[in-house]
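Working notes for the structure below.
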Amino acid sequence: MPTRAQELLTTVDVKAENVTITDPQLLRQMQTDITQFMNRAWTNDVYKPDERIRCRMYISIQSIPQNGVYGATVRIFSTRPVYGTSYETNLLNYAEGWTFSYLPGQPLNFSENTYVNNLSSILSFYAFVIIGMDQDSFSPLGGSRTYDRARNILQVAATQGTDGDDGWKDNGKANQRSRFALLNGLQDPQLEALRTAVYSYYRQGLDIFIQKPEDARASILTALQGVQQANQRRPGSTLIRSFFETKADEIANIYRSSSKPEQKQAAVALLQEVDPTNTAKYQTILQKR
């Protein structure tokens, strides 16, 4: 009988770049503390061990502006298993800058309604975003309540935070790669078509791909039309750019193996419009095999 347990299975890699840290144990301890913090129970939902959401964090320390304060570039990945296969598909691939305080031996504590420190807030925020994105992939708009919890973390950190981290606030085009921009996209009614497209892409597309590949490709094309609709309403959205950073290679592989020329043409035309940065990648769909 499954019981309430951790939702995330997180691995963390912390490295120092362009800075000298004389005690290598500090990085190992930071890595351990972040891993343990992420791999706690975040919701009341029941997860079996094999249902845990796999995620990875690559934290690169770039500066130490003062003792115990770190500036870092961070990339976060989360994945989802595809039904009936051993394949793990990416749900999130997102990078941003962090500024946080950290002292070895000082525990990272979670408080949803009170600011503890910036690192605890950042990690809690991403835990809820990752879980919410996974929920969106299994039911239409399934992550809405979890995104509300991420919003609470964001608002508390934006008003009470003291670490000088501007990722919590709307800084316009100067800071489009931020926690604020990511969550704002996930909760923007004008981008709801993208969130419902996520369900079509994963649950009605990838999850049936082995049994019904052509039906799966048709569902994924419908999903991409939802992304196209969202892009028409919010061109250049951080969330849409993140979607294609996460999925472009996979989408190209899905349609490259299609046997229907008209389906390939439709997919390429849509993708080149919505994601022109990866045009060369999508053109390979049309190449004869």
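The values are calculated or read from the model by the stated rules, or taken from the named source; none is laboratory data. Just so you know, these numbers come straight off a predicted model, no measurement behind them. Methodologically, a virtual Cβ is constructed for each residue, glycine included, from the backbone with ideal geometry; neighbour enumeration extends over all protein chains shown.
Tell me, which residue of the stretch 215-244 that is among the basic types (Lys, Arg), touching a residue at least 24 places away in the same chain (Cβ under 8 Å) and assigned to a helix (DSSP H, G or I) is surrounded by the fewest Cβ atoms within 10 Å (Cβ to Cβ)? Result: ARG233.
When you scan the stretch 118-140, do you find a residue that is among the polar types (S, T, N, Q), over 30 Å from ASN253 (Cα atoms), touching a strand residue (DSSP E or B) at 6+ places or on another chain (Cβ under 7 Å) and not in a strand (DSSP E or B), even just one? Looking for residues that are among the polar types (S, T, N, Q), over 30 Å from ASN253 (Cα atoms), touching a strand residue (DSSP E or B) at 6+ places or on another chain (Cβ under 7 Å) and not in a strand (DSSP E or B), one finds at least one in the stretch 118-140, hence yes.
Taking the conditions exactly as written (over 25 Å from ALA181 (Cα atoms) and in contact with a Lys or Arg (Cβ under 8 Å, 6 or more places away or on another chain)), does THR238 satisfy them or not? Considered against the rule, which asks whether it is over 25 Å from ALA181 (Cα atoms) and in contact with a Lys or Arg (Cβ under 8 Å, 6 or more places away or on another chain), THR238 comes out as no.
Filter the stretch 154-193 for residues that are part of a loop (DSSP other than H, G, I, E, B) and at pLDDT 95 or above; which is surrounded by the most Cβ atoms within 10 Å (Cβ to Cβ)?
Here the residue is GLN187.
Restricting ILE34, ILE76, ILE61 to those that are surrounded by 14 or more Cβ atoms within 10 Å (Cβ to Cβ), in contact with a strand residue (DSSP E or B) (Cβ under 6 Å, 6 or more places away or on another chain) and not in a strand (DSSP E or B) reduces the list to ILE34. Taking the stretch 39-58, which residues are part of a helix (DSSP H, G or I) and either of a type in the set (D, E, K, R) or within 20 Å of the chain's Cα centre (by Cα) (or both)? Listed by number, the residues that qualify are ASP50, GLU51. Only one entry in GLN25, GLN36 is modelled with pLDDT of 90 or more, more than 23 Å from the chain's Cα centre (by Cα) and either assigned by TED's automatic domain parsing to the domain that holds THR159 or under 22 Å from ASP148 (Cβ atoms) (or both), namely GLN25.
Scanning the stretch 99-143 for residues that are closer than 30 Å to LEU194 by Cβ and free of Cβ contacts under 8 Å to residues at least 24 places away in the same chain yields a count of 1. One residue alone among TYR201, TYR255 is of a type in the set (Phe, Trp, Tyr), more than 22 Å from the chain's Cα centre (by Cα) and assigned to a helix (DSSP H, G or I), and that residue is TYR255. In the stretch 250-275, of all residues being in contact with a Lys or Arg (Cβ under 7 Å, 6 or more places away or on another chain) and closer than 19 Å to VAL198 by Cα, the one that is surrounded by the most Cβ atoms within 10 Å (Cβ to Cβ) corresponds to TYR255. Candidates in the stretch 138-147 are the residues that are of a type outside the set (Gly, Ala, Ser) and within 16 Å of the chain's Cα centre (by Cα); of these, the one that is surrounded by the most Cβ atoms within 10 Å (Cβ to Cβ) is THR146.
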